[in-house]
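Student: Quick one: this structure, given as structure tokens, is what I'll be asking you about.
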Amino acid sequence: MDFLIFFIILSILILSHELGHFLAAKYTNTKVEEFGFGFPPKIFRFKKGETTYSLNLFPIGGFVKILGQDGEEKKKISDNAIVKEDKTRSFSFKSIYVKILILSAGVLFNLLLAWILLSFSFIFGNLEQISDNDISHSAPLVIITEILKNSPAEQIGLKPGDAIIRLKTPNGNSLEISKVIDAQNFIKENRGKEIEITVKRESGNFFSNKVNIRDIQPEKGALGVAMARVAVFKSPFYLAVIYGLKDMATLTVAIVIAMFYFFAGLFTGHGFEQVTGPIGIFNIVSDASHLGISYLSRLAAVLSINLAIINFLPFPALDGGRTFMILIEKIRKAPIKQKYANALNTFGFIILIILMIFITYNDILKIIKK
């Protein structure tokens, strides 16, 4: 189930990006030859109008094939290999403003998707962390945010997202939990003993089990959980849209700053420490799915913003790199030779693949060390 959620989120993020390119091309009367879900080989396809729509074997994301985007059509058209009316609809012959609009539309759609997801998270109700001293909420919850591997909590089946309702000793001493400090003190007082813990799950079901509280060990804790006190914040639609936009802007700025420090860290050898690849993202999505749809919506929004920013970096093979080359052509008032542009994009693609392999390897090492 976790893999399915991860797959759906990843597909939606990439498809929304490609949909941006597709709609921008259609809007500017640029010919779209194919819009594909997944990557070839093809399983099924049909043609509507001038565009082929395809379903492909590898169902991760999608792609848009736009006439002239690889630059080859300029030569073909000049050689009369393509009918004259296609010239006005080829990406190669569009103005710089149209080219930039088409290339940046994917980024804009990822930001739009993030705005929608964040707005929905406010409508569904966000679980926001509050302090133990906050008395402004009538029904705060103490939830488990993280469970250490091989801990007593993991052994009895506790999960991230479980809300701790009650702790009870064998002699009948019971404590209703509404503050993190209360849970921590109860666990501390009963180290080395068996207690009963009752939690409420996202499904609404209650789960109780007995657990042996271990003596505190370095970096492990007595129960092996991290906890947070939270309260539910819900907003009407008209406010949710405003809050979603503000959150999207705040997160975008924060991610841009974080990315700046990441690249700065590459020069000191510490840039990859906080980077997460597909495996790490899968684990994060898995944890978030247990915390509810609002958490999952916010996580998907953050991933969508990340995808937008990364794609707009001025690096070959990315939308930002292609846009950068178009701007250079405008400044030089001369096109970059296609063989050089293709070589740069190929080089960029190879670097990105190597980077992804390295990050994935790093993810595996992090899991092994846990």
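The values are calculated or read from the model by the stated rules, or taken from the named source; none is laboratory data. Because the structure is a prediction, the values reported are computed rather than measured. Reconstructed Cβ throughout: ideal geometry from the backbone, glycine too, with neighbour counts over all protein chains shown.
Student: Quick check on my filter: what residues within the range 111-141 are part of a loop (DSSP other than H, G, I, E, B) and small (Gly, Ala, Ser)?
Tutor: 125, 131, 136, 138, 139
Student: Here is a follow-up. Could you tell me which numbered condition residue 51 fails, if it satisfies all but one of (1) in contact with an Asp or Glu (Cβ under 7 Å, 6 or more places away or on another chain); (2) closer than 15 Å to residue 26 by Cβ; (3) at pLDDT below 85?
Tutor: That leaves (3) as the condition not met.
Student: Considering only residues that are among the hydroxyl-bearing types (Ser, Thr, Tyr) and over 18 Å from residue 319 (Cα atoms), which ones fall in the range 1-33?
Tutor: First pass over the range 1-33, keeping only residues among the hydroxyl-bearing types (Ser, Thr, Tyr): 11, 16, 27-28, 30.
11, 27 - these are the residues of the range 1-33 that are among the hydroxyl-bearing types (Ser, Thr, Tyr) and over 18 Å from residue 319 (Cα atoms).
Student: If you don't mind, there's one more thing I want to ask. Would you check which residues across the range 294-311 are within 16 Å of residue 260 (Cβ to Cβ) and surrounded by 21 or more Cβ atoms within 10 Å (Cβ to Cβ) and list them? Walk me through how you get there before you give the answer.
Tutor: Here is the first cut: in the range 294-311, the ones within 16 Å of residue 260 (Cβ to Cβ) are 305-306, 308-310.
Correct list: 305, 308.
Student: Hey, residue 280 hits all of (1) closer than 18 Å to residue 11 by Cα; (2) at pLDDT 75 or above but one; which does it fall short on?
Tutor: All conditions pass for residue 280, except number (2).
Student: For the range 54-92, how many residues meet the condition of being modelled with pLDDT of 70 or more and under 26 Å from the mean Cα position of the chain (by Cα)? Walk me through how you get there before you give the answer.
Tutor: The initial filter retains those residues of the range 54-92 that are modelled with pLDDT of 70 or more, namely 54-58, 62-70, 87-92.
Filter again for under 26 Å from the mean Cα position of the chain (by Cα), leaving 54-58, 62-65.
Result for the range 54-92: 9.
Student: Further, regarding this structure: Looking at the range 322-341, which of its residues are surrounded by 12 or more Cβ atoms within 10 Å (Cβ to Cβ) and small (Gly, Ala, Ser)?
Tutor: If the condition is that a residue be surrounded by 12 or more Cβ atoms within 10 Å (Cβ to Cβ) and small (Gly, Ala, Ser), then 341 is the only one that fits.
Student: Exactly one of these conditions fails for residue 319: (1) surrounded by 15 or more Cβ atoms within 10 Å (Cβ to Cβ); (2) farther than 17 Å from residue 99 by Cα; (3) modelled with pLDDT of 75 or more. Give me its number.
Tutor: Single failed check for residue 319: (2).
Student: Right, something else. When residues of the range 283-315 are filtered for being at pLDDT below 85 and either among the aromatic types (Phe, Trp, Tyr) or in contact with a Gly (Cβ under 7 Å, 6 or more places away or on another chain) (or both), how many remain?
Tutor: 6
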